[in-house]
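Report on the following structure.
Since every read-out is calculated from the coordinates, none of them should be taken as a lab result. Note that this is a predicted model, so its numbers are computed, not measured. In this analysis, Cβ positions are derived from the backbone assuming ideal geometry, glycine residues included, and neighbour counts consider all displayed protein chains.
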Amino acid sequence: MDTARGVLSRRGGLVFLAPALIFIAIFILFPFVWVFFLSFTNQTLTGATAVQWKFVGLANYRDLLDFSKWMHSGEFGNALVITLKYVVGSALIGQVGLGLLIATLFNRRKGILREVLFTVVILAWIIPDVVIAFAWVAYLDRDFGTLNKILHIFTPAQIDWLLEHPLESIIVFNTWRGTAFSMLLFSSALATIPPSYLETAEVAGASAWQKFRDILLPLISSHILTDMIMITLWTFNTFTPFLLTGGGPAFKTELMSIYTYRIAFKYFEFGRGGAIAVVVMLVNLTLALGYLAILRKQAVRT
């Protein structure tokens, strides 16, 4: 028997791969190519340009990058800046930071407190978006919200959180919503570290901060970067805050995903919506390549 030959021929392998390749072509490649094509047209859903559309070249991109109105409310630049603030606050500081904190504090610990906390955090992650959004709207309500009822013990002021602090509200909401993934990833990474490392450090008189800084953090740094890549991309493209604020008030919470939705599916300007989608994909690609470059450089050093 010739052991050098594979179990399947190349043709046989392609036959088995064909369903997956067809699926990828139909649901990933074709939509990407179609959106890219639309971005160079003025096609809309209604009106004269719905049927008699034409190529407009880079007109849609020039309109998006028109710096004379770049930072006006409801424009591309404003939505991009809001999204970056949202990603930094919710993903990098919130989910990654809080997930790492919880995982570190409960590393190799048992007990009812750990089980209850982990259960609550995971439940916040797996409950459907609509249910979570409805609960948070009720929680933040000005007149009957649970948060204001609690704060009323200390101050009589009634705060309309989604009106007065909309961006901060959705940052806290998304942090609470998505911390579970980072927490579970870091808990698994910390569990792989031999206990002898920490025991030796304790014998040497190292403080809790020194053990975290000099032992735990370097050993899970690759996991942190991986988590940052995934959380950043998920948060940059999330649409769930729309269920709380609808992008308002006055476009103050209009993230890139909501801005794209408004242009393409509310105003039905498919050409402009396609241009926005292409730019968003390029931003995502830039973020991913940046993180991967850092990860590759770190791997070379180690």
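Would you work out which of Val172, Ser182, Gly248 lies farthest towards the positive end of the dipole of region 65-301? Charges go on Cβ: Lys and Arg +1, Asp and Glu -1.
Most positive-ward Cα: Ser182.
Okay, helix-only estimate at 222 nm for the chain: each DSSP H run of n ≥ 4 adds -39500 (n - 2.57), divide by all residues, round to 500 deg cm²/dmol; what do you get?
-18500 deg cm²/dmol
If you count, for each residue, the other Cβ atoms within 10 Å and average over each peptide, how do 15-27, 285-297 line up from highest to lowest?
285-297, 15-27
Any idea which of Trp209, Ile220, Leu162 is furthest toward the positive side of the dipole for the chain, if Lys and Arg beta-carbons carry +1 and Asp and Glu beta-carbons -1?
Ile220
Taking the Cβ-Cβ separation of Phe55 and Ala25 as r and a Förster radius of 22 Å, what is the calculated FRET efficiency to the nearest 0.05?
Calculated transfer efficiency: 0.35.
Taking springs between alpha-carbon atoms closer than 10 angstrom, which of Ile263, Ile112, Ile93 fluctuates most in the Gaussian network model of the chain?
Ile112
Specify the residue with the greatest mean-square fluctuation among Phe186, Phe265, Phe30, computed from a Gaussian network of the chain linking alpha-carbon atoms under 10 Å apart.
Phe30
To the nearest 20 debye, what is the magnitude of the charge dipole of the chain about its Cα centre, counting +1 on the Cβ of each Lys and Arg and -1 on the Cβ of each Asp and Glu?
740 debye
Per-residue HN-Hα couplings for region 162-168, Karplus 6.51 cos²θ - 1.76 cosθ + 1.60 at θ = phi - 60°, whole Hz, x for Gly and Pro?
My calculation for region 162-168 gives 6, 9, 8, 9, x, 5, 4 Hz in order.
If amide H atoms are built 1.01 Å from N in the plane of the peptide, which residues on other chains or at least 5 residues away come under 5 Å of the amide H of Thr41?
When sequence neighbours closer than 5 places are left aside, the close amide H contacts are Val56.
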